[in-house]
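Presented below is the structure to which this report refers.
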Amino acid sequence: MRYLPKSESERSAMLEACGVSSPEELFAHLPEAARLNRPLNLAPGISEYEIVEYFRDRAASTALGYTSFLGAGVYNHFRPVLVDTVVSRGEFLTSYTPYQAEIAQGTLTQIFEFQTMICQLTGMDVANASMYDGSTAVPEAAMMAVRATGKGRVLISKSVHPEYREVLATYAKYQGMPVAEFGYVAESGELDLEDLERQMDGLTGAVIIQTPNFFGIVEQVKAAAEIAHRHGALLVVVFTEAVSLGLVAPPVEADIVAGELQSFAISPSYGGPYAGIIAVKEKYIRQMPGRLVGQTTDSRGNRAFCLTLSTREQHIRREKATSNICTNQALVALMATVFMTVYGKQGLRELAEQNLAKAHYLAGKVKPRFSGKFFNEFVVKLEGKTPEEINKALLKKKIIGGLPLGRFYPELADSVLLCATEMTRRTEMDALAEVMA
Amino acid sequence: MSDQGMNESRMVHGDKITKVTTHLSQNEALLFERSSPGKKAYQLPELDVPAVDAAEALGAENVRAEITDFPEVSEVEAIRHFTRLSTWNYAIDYGMYPLGSCTMKYNPRINEVVARTEGLAWAHPYQPESLSQGCLEVMEHLENALAEICGMDAVTLQPAAGAHGELTGILLIRALLEKRGNPRKKILIPDSAHGTNPATAAIAGYAVENIKSSETGGVDLAALEQLVTSDVAALMVTNPNTLGVFENNIVRVAEILHKKGAMLYMDGANMNALVGIARPGDFGVDVMHLNLHKTFSTPHGGGGPGAGPVAVKKVLEPFLPTPRLRRSGKKLTFDYKRKHSIGRVKSYYGNFGVLVRALAYILAHGGPGLKNATMDAVLNAVYIRKALEPYFDLPYKSPNMHEVVFSDDRQSKLGVRTGDIAKRLIDYGFHPYTVSFPMIVHGALMIEPTETEGRLEIDSFINAMIAIAGECETDPQMVKNAPYNTRTSRVDEVTAARKPVLRWKP
């Protein structure tokens with residue numbers, strides 16, 4: 001087999017050196033009851049060409065060739081060519097977590113740059129080396145806020161990504177961490193600050209909001225921070241559309257930012273792998289989950305980087321760790337690093353401006369339901385037809401319409417969430433509007 | 001930065017080094033130090049819609065000022081930057097990477113190619129199921145293959161990595177026990193376990209009770225009998241354990257737990273020793289996770305992404321995360337209506353791109369090939385043990401499987417610790433083994449070669465280890481200051497932690 005580099009004679013010589021005559025003998029000490037005494041019921045191995053063909057056949061029964069207006073946490077942005085060029089290098093692709101700093105300076109330096117750029121974008125002081133994704137960064141941020149404040153209750157806005165809220169519920173259920181939700185204003189789609197104020201109490205350690213929120217609307221972070229802080233809670237700000245940070249004011253009033261970087265050159269890939277981040281104000285460093293890279297020197301006095309503050313982590317602290325996370329998303333975070341480098345200071349803004357322009361062009365054709373200011377996606381209320389009927393009609397034109405919101409928001413069963421990015425063409429938007437009108 | 005040259009004059013035993021020579025290594029500044037205003041590595045297409053005034057659309061107060069100190073470099077500088085950084089890394093593509101517990105095997109490039117197949121890589125998780133059948137088929141195929149490999153009844157692909165799979169598995173146990181009337185209070189964990197195990201138990205709301213390993217390194221049956229009370233929800237066991245030793249009493253361990261209504265959780269980190277040889281489902285395991293980035297060859301990528309599918313016996317199936325993949329005739333769909341489910345552990349359906357790679361690996365090997373891989377992995381580890389046993393202390397003598405754990409007992413008497421030997425190994429052109437783990441071995445050297453090393457590379461590694469054992473006797477101080485042959489010499493981790501500098505500042 002092509003992945004096994006031994007010739008038969010090499011294998012025999014090695015078996016002989018081990019004092020056995022067959023490879024099976026190496027397993028002779030296994031108890032009979034534990035052993036599998038038949039071959040695995042899996043087909044024999046196939047060639048490279050057949051593997052390519054297998055996946056090409058599967059890809060043929062997907063949405064190849066369709067235009068899509070889906071966003072809702074996963075966005076269709078162009079992936080600069082440099083991204084795959086860099087992440088395909090074996091030195092990045094086939095290395096492990098950089099525990100041995102002397103031979104991992106490439107990864108470590110890159111993560112240090114990543115941490116810096118995430119801080120610059122979010123307005124926070126410290127960012128970790130990545131979390132699994134945005135959805136799991138939310139419960140990690142909530143647990144962190146609870147640890148930092150000593151208050152166990154969590155209040156989360158209904159306009160945070162519904163699946164993120166589901167993940168939070170799963171994590172919270174068994175930890176004695178009660179989670180309550182507060183609403184959005186029916187007319188504007190913005191945070192219902194009065195509801196937040198009403199539900200705040202002295203036991204709440206975290207208030208969690210998202211901006212732009214699940215409906216694409218830019219939230220009043222400052223006002224939410226004021227309420228949270230007045231009651232002794234930390235404000236966690238979530239983002240799913242990282243491109244918005246090129247143009248929208250960073251959530252500097254937050255204590256913790258928990259975000260998803262999929263928009264930064266990470267292909268949608270049917271839901272993962274993506275990369276989440278947690279970024280915080282300096283005073284919360286030691287409560288942070290996940291890996292951190294720090295700057296130091298080597299024995300010759302040269303600048304060097306290494307993993308640091310690991311006394312927070314599971315391999316040192318075991319059951320007292322700040323999180324059980326071990327593997328993170330280093331290679332995916334590298335995609336984001338290359339993306340941020342390629343676009344840079346001007347490009348990220350220009351990219352965000354294009355997204356804003358496209359979505360507002362579309363909003364001129366199909367009217368947004370909410371009055372709140374939006375970035376690159378918005379909710380549309382349908383008249384006369386259901387979202388399913390409209391989307392069926394669109395599919396006939398090879399267009400995947402907006403996300404029907406009824407599955408997450410029963411009160412919005414007549415509405416869809418539409419997204420336009422720099423990749424969306426004017427002609428495609430015109431075609432969508434024609435069917436939706 | 002100065003003095004990046006390789007300090008060969010200090011390489012006392014340089015003549016023994018055959019695998020590495022020095023080569024040109026380029027200095028490279030940080031992106032922020034390379035930037036200058038106005039440089040670009042991008043070009044966007046001309047807008048085909050009218051531009052919008054940001055202040056008007058978003059409200060002036062919601063528009064940010066420029067991103068201070070964000071990079072501004074050209075395309076050529078960008079690619080050189082990352083290419084130069086890459087050359088400062090060691091990688092499997094360079095050579096053997098014998099990190100115990102991490103299963104650093106070759107990452108087949110076909111996996112990377114197929115994961116980028118357009119219809120799969122660009123599939124949106126909310127696109128209609130009717131237009132996602134190919135993605136769902138990949139998932140169904142992988143679920144079935146993993147269930148067969150593990151001898152289990154059902155598999156969820158949702159967890160993002162091993163520790164995430166552990167959390168999912170323990171929550172499943174908790175949900176089942178709760179439904180039976182009492183979630184119980186404790187999880188038992190051997191003192192040889194990975195740190196993620198106790199950290200997971202704590203997050204799942206359980207107290208952790210450690211079990212001391214027996215003299216042979218396994219679970220101590222007498223201690224277990226005593227500890228398993230009606231308060232115990234489960235035992236988390238790694239098999240083979242972190243010494244690379246198969247738990248010969250595993251069937252008995254399962255019986256003891258089951259008799260008291262507790263469950264057996266298996267950490268599948270070491271599954272590379274078992275595929276095609278033994279199945280956890282057959283030896284009494286109720287729930288386990290797999291690390292697709294270990295056993296199933298998906299790349300570690302400097303620390304991730306991974307995938308941590310969880311396989312269960314039928315009794316735990318109702319509790320698996322939402323949604324579940326279902327087949328009705330020719331169509332695959334997601335079932336969201338599952339009233340006993342623990343809920344979601346991650347958005348969408350799992351790290352699909354990693355799942356594609358793992359399936360490509362399984363297809364490439366096929367059933368018989370997977371077993372051959374396991375046999376070669378164990379052969380390599382046993383061969384290393386035989387060759388190094390005369391030079392290093394082997395604290396546990398039980399037969400080992402895919403990895404072998406020595407201690408620095410002999411060398412530490414000369415003042416050289418496992419961490420020093422590891423750094424010296426770098427000079428010989430190898431990535432170090434896992435240092436100081438498992439904790440039940442004082443000064444552990446944990447070596448896992450995997451099946452994708454040939455005889456030449458293994459012999460070269462053995463020679464390097466033997467040479468270092470000699471150096472520990474003739475010149476311990478030289479070993480303690482290693483490495484010499486690297487671009488960066490020994491890194492001051494203490495200062496990094498004492499005065500954290502976690503981001504660049506002008």
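Looking at the stretch A:173-188, I want the residues that are outside any loop (DSSP other than H, G, I, E, B) and have a partner that is surrounded by 19 or more Cβ atoms within 10 Å (Cβ to Cβ) and of a type in the set (S, T, N, Q) with Cβ atoms under 9 Å, at least 6 apart or on another chain. Which pairs are those?
Short answer, once both residue conditions are applied: A:ALA180/A:THR204; A:GLU181/A:SER157; A:PHE182/A:SER157; A:TYR184/A:SER157; A:TYR184/A:SER159; A:TYR184/A:ASN213.
Please tell me if A:MET124 is among the hydrophobic types (A, V, I, L, M, F, W, C) and either at the interface with another protein chain (Cβ under 7 Å from one of its Cβ atoms) or assigned to a helix (DSSP H, G or I) (or both).
no
Which residues, counting only those in the stretch A:348-367, are crowded, with 24+ Cβ neighbours inside 10 Å and either on the phi > 0 side of the Ramachandran plot or more than 9 Å from chain B (Cβ to nearest Cβ) (or both)?
Answer for the stretch A:348-367, where residues must be crowded, with 24+ Cβ neighbours inside 10 Å and either on the phi > 0 side of the Ramachandran plot or more than 9 Å from chain B (Cβ to nearest Cβ) (or both): just A:ASN355.
Any residue at all in the stretch A:253-276 that is surrounded by fewer than 24 Cβ atoms within 10 Å (Cβ to Cβ) and of a type in the set (A, V, I, L, M, F, W, C)?
Looking through the stretch A:253-276, none of the residues is surrounded by fewer than 24 Cβ atoms within 10 Å (Cβ to Cβ) and of a type in the set (A, V, I, L, M, F, W, C).
Looking at A:MET124, A:MET177, A:MET117, can you tell me which residue is over 26 Å from A:ARG230 (Cα atoms), surrounded by 20 or more Cβ atoms within 10 Å (Cβ to Cβ) and either in contact with a helix residue (DSSP H, G or I) (Cβ under 7 Å, 6 or more places away or on another chain) or at pLDDT 95 or above (or both)?
None of the other options fit; the residue is A:MET117.
Within the stretch A:53-87, which residues are surrounded by fewer than 19 Cβ atoms within 10 Å (Cβ to Cβ), more than 9 Å from chain B (Cβ to nearest Cβ) and of a type in the set (A, V, I, L, M, F, W, C)?
A:VAL81, the sole residue that qualifies.
Residues of the stretch B:406-419 being open to solvent by 40 Å² or more (accessible area, probe 1.4 Å), assigned to a loop (DSSP other than H, G, I, E, B) and more than 16 Å from B:ARG490 (Cβ to Cβ), which ones?
B:LYS413, B:LEU414
Got at least one residue in the stretch B:389-405 being open to solvent by less than 10 Å² (accessible area, probe 1.4 Å), of a type outside the set (Asp, Glu) and part of a helix (DSSP H, G or I)?
no
Quick check on this structure: which one of B:GLU403, B:GLU389 is over 19 Å from the mean Cα position of the chain (by Cα) and acidic (Asp, Glu)?
Residue meeting the stated conditions: B:GLU389.
With in contact (Cβ under 8 Å) with a residue 12 or more places away in the chain, of a type in the set (Ser, Thr, Tyr) and surrounded by fewer than 23 Cβ atoms within 10 Å (Cβ to Cβ) as the only criterion, which of B:TYR97, B:TYR90, B:TYR106 stands out?
B:TYR106 is the lone residue from the list that is in contact (Cβ under 8 Å) with a residue 12 or more places away in the chain, of a type in the set (Ser, Thr, Tyr) and surrounded by fewer than 23 Cβ atoms within 10 Å (Cβ to Cβ).
Can you name every residue in the stretch B:414-456 that is acidic (Asp, Glu) and at the interface with another protein chain (Cβ under 8 Å from one of its Cβ atoms)?
B:GLU451, B:GLU453
Being in contact with a helix residue (DSSP H, G or I) (Cβ under 8 Å, 6 or more places away or on another chain) and either at the interface with chain A (Cβ under 8 Å from one of its Cβ atoms) or modelled with pLDDT under 95 (or both) is the filter here; which residues of the stretch B:184-196 pass it?
B:HIS194, B:GLY195, B:THR196
State whether one or more residues within the stretch B:227-240 are in a loop (DSSP other than H, G, I, E, B), within 12 Å of chain A (Cβ to nearest Cβ) and in contact (Cβ under 8 Å) with a residue 40 or more places away in the chain.
So far as the stretch B:227-240 goes, yes, one or more of its residues are in a loop (DSSP other than H, G, I, E, B), within 12 Å of chain A (Cβ to nearest Cβ) and in contact (Cβ under 8 Å) with a residue 40 or more places away in the chain.
Filtering the stretch B:373-388 down to residues that are open to solvent by 10 Å² or more (accessible area, probe 1.4 Å), touching a residue at least 60 places away in the same chain (Cβ under 8 Å) and at the interface with chain A (Cβ under 7 Å from one of its Cβ atoms), which residue is nearest to A:GLY271 (Cα to Cα)?
Ranking the qualifying residues of the stretch B:373-388, first place goes to B:MET375.
Which one of A:LEU403, A:LEU417, A:LEU394, A:LEU382 is in contact (Cβ under 8 Å) with a residue 24 or more places away in the chain and more than 14 Å from chain B (Cβ to nearest Cβ)?
It is A:LEU382.
Any idea how many residues of the stretch B:319-348 are basic (Lys, Arg) and part of a loop (DSSP other than H, G, I, E, B)?
6
Can you tell me which residue is surrounded by the most Cβ atoms within 10 Å (Cβ to Cβ) among those in the stretch A:281-316 that are more than 30 Å from B:ALA482 (Cβ to Cβ) and of a type in the set (D, E, K, R)?
In this case the residue turns out to be A:LYS281.
Output the residues belonging to the stretch A:127-169 that are more than 19 Å from A:LYS281 (Cα to Cα), open to solvent by 10 Å² or more (accessible area, probe 1.4 Å) and not in a helix (DSSP H, G or I).
Correct list: A:GLY152, A:ARG153, A:LYS158.
Would you pick out the residues in the stretch A:350-374 that are hydrophobic (A, V, I, L, M, F, W, C) and under 13 Å from A:GLY189 (Cα atoms)?
If the condition is that a residue be hydrophobic (A, V, I, L, M, F, W, C) and under 13 Å from A:GLY189 (Cα atoms), then A:PHE370, A:PHE374 are the ones that fit.
What are the pairs, 6+ residues apart or on separate chains, where a residue within the stretch A:326-351 that is not assigned by TED's automatic domain parsing to the domain that holds A:PHE375 has its Cβ under 7 Å from a residue that is in a helix (DSSP H, G or I) and of a type in the set (Ser, Thr, Tyr)?
Listed by first residue and then by second, the contacts come to A:CYS326/B:THR196; A:ALA330/A:THR107.
What are the pairs, 6+ residues apart or on separate chains, where a residue within the stretch B:63-76 that is among the basic types (Lys, Arg) has its Cβ under 8 Å from a residue that is assigned to a loop (DSSP other than H, G, I, E, B) and surrounded by 17 or more Cβ atoms within 10 Å (Cβ to Cβ)?
B:ARG64/A:LEU247; B:ARG64/A:ALA249; B:ARG64/A:PRO250
List pairs: first in the stretch B:321-339 and open to solvent by 80 Å² or more (accessible area, probe 1.4 Å), second outside any strand (DSSP E or B), Cβ under 6 Å, 6+ apart or cross-chain?
Filtered contacts from the stretch B:321-339: B:TYR336/B:THR322; B:TYR336/B:PRO323.
For the stretch A:317-347, enumerate the residues that are more than 7 Å from chain B (Cβ to nearest Cβ), surrounded by fewer than 24 Cβ atoms within 10 Å (Cβ to Cβ) and in a helix (DSSP H, G or I).
Those that are more than 7 Å from chain B (Cβ to nearest Cβ), surrounded by fewer than 24 Cβ atoms within 10 Å (Cβ to Cβ) and in a helix (DSSP H, G or I): A:ARG317, A:LYS320.
Okay, residues lined up against (1) open to solvent by 20 Å² or more (accessible area, probe 1.4 Å); (2) in contact with a strand residue (DSSP E or B) (Cβ under 9 Å, 6 or more places away or on another chain):
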residue: B:ILE421; (1), (2): no, yes
residue: B:PRO438; (1), (2): no, yes
residue: B:THR450; (1), (2): no, no
residue: B:ALA464; (1), (2): no, no
residue: B:ALA469; (1), (2): no, no
residue: B:ASN485; (1), (2): yes, no
residue: B:TRP504; (1), (2): yes, yes
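The values are calculated or read from the model by the stated rules, or taken from the named source; none is laboratory data. Values in this document were obtained by computation on a predicted structure and should not be read as measured data. Heads up, the Cβs are rebuilt from the backbone with ideal geometry, glycines too, and the neighbour counts pull from every protein chain shown. Calculation scope for accessible area: heavy atoms of the full protein, side chains included, ligands and nucleic acids excluded. Shrake-Rupley method; radii C 1.70, N 1.55, O 1.52, S 1.80 Å.
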